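The values are calculated or read from the model by the stated rules, or taken from the named source; none is laboratory data. What you are looking at is a predicted structure, and each value in this text was computed from that prediction instead of being measured. Every residue, glycine as well, gets a Cβ built from its backbone with ideal geometry; the counts of neighbours run over all protein chains shown.
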Amino acid sequence: MFKIIIMLIIAYLLGSIPSGVLIGKKFFNVDIRKQGSGNIGTTNTFRVLGPKAGTVVLLMDILKGTLAASQPYLFHTPNVNPLLIGLAAILGHTFSIFDHYKGGKAVATSAGILLAYNPPFFIIACIIFASLVYLTSTVSVASMTALVLISILSLFYHDWILTTVAVVLTFFIFYRHRENIKRLRNGTESLIPFGFWYHHKNKR
């Protein structure tokens, strides 16, 4: 039990690292919380600081989830499910102790947890997400749709913990995207400057 508590604390602290804020302030002297959408995640970092910074933040957020969920392997506790430890990293990312208990939407960190738990499924999830980003040119739509599809596909693994966590995360990600959903309904959600839908709209 003591090991589990320690792993949960470490996972929460890892998830709490505000990657976008750190990169913005350290290398650009910019607080991304005050620009763009105000979100500290990958999408707003891309929008405000550019693709290089956005890619670094994406990798950092994935790594947070991977390191957090890898602890049962590192600490030789095979009876502890990595997904359950990884959930603490998601809480850290969305309610960061280093950012006044605010944070991002946890899509990349969730992907990092899946990487630690099931690398082949992680690759499938990345292909699904990248395809949806290209088709919709909208990260929010791609994120929410990808979580739904991943939850469905998880059923084929016959792993009830994986499916349960995927479904819980799907509802959580939808909740975290509630402002995006409002903008989608109003037709004001921002498009990324590439992909099928972006070029289709610009041809009109």
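Key figures for this structure:
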{"read-out": "Residue match in region 41-50 (condition: part of a helix (DSSP H, G or I), touching a Phe, Trp or Tyr at 6+ places or on another chain (Cβ under 9 Å) and in contact (Cβ under 8 Å) with a residue 24 or more places away in the chain)", "value": "yes"}
{"read-out": "Residue in region 141-150 that is under 17 Å from the mean Cα position of the chain (by Cα), in contact (Cβ under 8 Å) with a residue 40 or more places away in the chain, over 13 Å from residue 114 (Cβ atoms) and not assigned by TED's automatic domain parsing to the domain that holds residue 95 present", "value": "yes"}
{"read-out": "Members of region 14-40 found to be polar (S, T, N, Q) and buried (at least 16 other Cβ atoms within 10 Å of the Cβ), listed by number", "value": "16, 19, 37, 39"}
{"read-out": "Verdict on residue 88 being touching a residue at least 60 places away in the same chain (Cβ under 8 Å) and aliphatic (A, V, I, L, M)", "value": "yes"}
{"read-out": "Failed item, numbered, when residue 193 is tested on (1) over 27 Å from residue 56 (Cβ atoms); (2) in a loop (DSSP other than H, G, I, E, B)", "value": "(1)"}
{"read-out": "Candidates 38, 65, 24 - the one that is without any contact (Cβ under 8 Å) to a residue 60 or more places away in the chain, outside the structural domain of residue 176 (by TED's automatic domain parsing) and not in a helix (DSSP H, G or I)", "value": "38"}
{"read-out": "Residue ID - surrounded by the fewest Cβ atoms within 10 Å (Cβ to Cβ), chosen from residues in region 92-108 that are assigned to a loop (DSSP other than H, G, I, E, B) and in contact with a Pro (Cβ under 6 Å, 6 or more places away or on another chain)", "value": "98"}
{"read-out": "Unique match (being in contact with a Ser or Thr (Cβ under 6 Å, 6 or more places away or on another chain), closer than 24 Å to residue 160 by Cβ, surrounded by 14 or more Cβ atoms within 10 Å (Cβ to Cβ) and modelled with pLDDT of 95 or more) among 89, 11, 69", "value": "89"}
{"read-out": "Any chance residue 136 is in contact with a Gly (Cβ under 9 Å, 6 or more places away or on another chain) and either free of Cβ contacts under 8 Å to residues at least 24 places away in the same chain or closer than 25 Å to residue 54 by Cα (or both)", "value": "yes"}
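Every residue, every condition in (1) in contact with a helix residue (DSSP H, G or I) (Cβ under 7 Å, 6 or more places away or on another chain); (2) in the same structural domain as residue 45 (by TED's automatic domain parsing); (3) under 21 Å from residue 90 (Cβ atoms), yes or no:
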| position | (1), (2), (3) |
| --- | --- |
| 125 | yes, no, yes |
| 129 | yes, no, yes |
| 160 | no, no, yes |
| 170 | yes, no, yes |
| 177 | yes, no, yes |
| 187 | no, no, no |
| 190 | no, no, no |
